[in-house]
Amino acid sequence: MAEYKAPVKEMNFVLEHIADMPGLARLPGFEDASSDMVAAILDEAGRVAGEVLSPLNVVGDQTGVQLQGSEVPTPAGFKEAYQAFAEGGWGSLQFDPEYGGQGLPYSLSIPVMEMWQSANMSWGLCPLLSQGAVEAVDASASNLLKQVYLPNMISGEWTGTMNLTEPNAGSDLSVVRSKAQPAGDHYLIKGQKIFITWGEHDMADNIIHLVLARLPDAEPGVRGISLFLVPKFLVNDDGSLGERNDYAAVSLEHKLGIHASPTCVMSFGDNAGAVGYLIGEEGKGLACMFKMMNNARLAVGLQGVAISERAYQHALEYAADRTQGRAVGFDEAGAILRHADVRRMLLTMKVLTEAGRSITYDACASLDRAHRSSDASFRKDQAARAALLTPIVKGWCTEVSQEVTSLGVQVHGGMGFIEETGAAQHFRDARILPIYEGTNGIQALDLVGRKTLFDNGEALTTLLGEMRQVVSEALNSTPHKKDGERLAEALDALEIARDQLLASKQQPQFAATVAYNFLMLSGFACGAWQLLRQSLKAQQLLQDGAVDTLLLTAKQQSATFYISQILPRYRGYAQMIADGSEPVMAMSDDALAAAFS
């Protein structure tokens, strides 16, 4: 089984020509993001991912984690890999230099994060969540808390988590029951949280938990929830670590995948109460947590891309080595990648992965422009663009990762069903992604509600205009004309679906019922748009004499395959949207169980 090899040339291409890293490097504070710096970061991150993290992936899957008392030892090599990560400064790329960060674009940290997730998703979840915790503390905490906690969190010496879910409070956080009692300059936290990823481990000196809880006089619902910083070890005035806080991991979940990532049930305040510090204002906990949650949704979408990439590499290597029969059109037996159906599966895996990567990098670059541009109107537009693309990144990229990792098993044939080949692990690990950080049903509701209905489709209409410009360019390019025409038809369908949504504002069941289909229609259209952008750029570079003809020709062929073989799926989603809520909602609750009641 080959180790992960970072697709550095692909990542560089998308960063430069889709995310416009050269343009980002001209924004205030991003001057260090030169092409040489970007290339050096990607090359070294790729080396670490391939040589350090990837070999631990199977080890972690087979070993798993166990609770020993209140401690969770990690699989062999995990702690050393994390130390190498921290010493290399990999967790500090995009953060404020005031607290030890490198101040580079957020979008540059994204391919690096992708490498960690491809190489070893169980391990990669720890820094992913830590970086989200840094964002929440940086955005909302007091200056004192920032000074005490951010330097060590950014350096990687301490890790972070988010503690939202409770046994009775999953997607509906309005019923959170954990309590926070004021106690001088801090609060005492009591309650139980479940599904806490990397809630306990031995890879770092301290773990910083961000915990949602209610004050004694808090009003019911989400307005009564506050956010607290609860460290594993209290921090002394001189910055050293003091006594252990009053909380513990009381059990670990036994999961379908990501076996080496401890998913903990956390109990806070079984004795006097866990010491916590308020982040932001009382009763504003969800608003403070939102930044972490929003960027975490982008990160989970990126995980969908990452696990798809790993599954594709795994399947491609197997298909190139496995000889079985003589493929139609060939005179002798050869590798199974010659067989048309295997080639179809590999190409499907390849283009879905590349489309997801392009959408994700593009969305994250919009966040950078929203934060650093000197033009206030442009910042607002880029923020709206990133907000619109976020549920598509999270929802669509994780949905297609289910298909890609499943195809990875299929390419292996019967051997794919055997754990020893490793293909099954990617399939198992990917399954959590449509559930994490708000299920994809919630992402779809966000897309049709907050991102379309609430602004009368303004952000989507603007994005459609941007996509139409790419169509126009394609129609004026002979090699791309057919692809442009087909994308234009898909955009027509997306516009009609948008108009149907806007016309249904007085029919809430319509929007709720068609939301998933609208998300998938949007995702497949965005994927075609992104790959067509890449194809047009590849043609331009070839005409200008670029030497990497293999990559650039493959870019054009990938776009054509996607638009021919993948994009037509939009028609089914468009038809389901047009049919509205009746086919879904007509059956009664009793009728669902009619066959066995």
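The values are calculated or read from the model by the stated rules, or taken from the named source; none is laboratory data. Just so you know, these numbers come straight off a predicted model, no measurement behind them. Backbone-built Cβ (ideal geometry, glycine too); neighbour counts: all protein chains shown.
What the table below lists for this structure:
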item: Residue check for residue 442: assigned to a loop (DSSP other than H, G, I, E, B), of a type in the set (Val, Ile, Thr) and closer than 25 Å to residue 302 by Cβ; result: no
item: Residues (part of a strand (DSSP E or B) and buried (at least 17 other Cβ atoms within 10 Å of the Cβ)) located in the stretch 221-233; result: 225, 226, 227, 228, 229, 230, 231
item: Total residues in the stretch 372-412, condition part of a helix (DSSP H, G or I) and free of Cβ contacts under 8 Å to residues at least 24 places away in the same chain; result: 10
item: Unique residue being under 29 Å from residue 372 (Cα atoms), in a loop (DSSP other than H, G, I, E, B) and in contact with a Ser or Thr (Cβ under 7 Å, 6 or more places away or on another chain) when the list is 86, 33, 19; result: 19
item: Filtered residues of the stretch 530-555 (kept if more than 20 Å from the chain's Cα centre (by Cα) and closer than 21 Å to residue 301 by Cβ); result: 532, 533, 534
item: Selected residue (criterion: modelled with the lowest pLDDT) from residues of the stretch 274-297 that are surrounded by 23 or more Cβ atoms within 10 Å (Cβ to Cβ), among the aliphatic types (A, V, I, L, M) and in a helix (DSSP H, G or I); result: 292
item: Lone unmet requirement of (1) over 21 Å from the mean Cα position of the chain (by Cα); (2) assigned to a helix (DSSP H, G or I); (3) not β-branched (Val, Ile, Thr) for residue 57; result: (1)
item: Leading residue by the ranking (surrounded by the most Cβ atoms within 10 Å (Cβ to Cβ)) among those in the stretch 11-51 that are of a type in the set (A, V, I, L, M) and more than 23 Å from residue 353 (Cβ to Cβ); result: 33
item: Matching residues, the stretch 246-273, being buried (at least 21 other Cβ atoms within 10 Å of the Cβ) and in contact with a Pro (Cβ under 6 Å, 6 or more places away or on another chain); result: 260
item: Residue check, residue 474 small (Gly, Ala, Ser) and assigned by TED's automatic domain parsing to the domain that holds residue 542; result: yes
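Conditions tested, residue by residue: (1) surrounded by fewer than 17 Cβ atoms within 10 Å (Cβ to Cβ); (2) of a type in the set (Gly, Ala, Ser); (3) modelled with pLDDT under 95.
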| site | (1), (2), (3) |
| --- | --- |
| 350 | no, no, no |
| 361 | no, no, no |
| 385 | no, no, no |
| 391 | no, no, no |
| 394 | no, no, no |
| 409 | no, no, no |
| 419 | yes, no, no |
| 422 | no, yes, no |
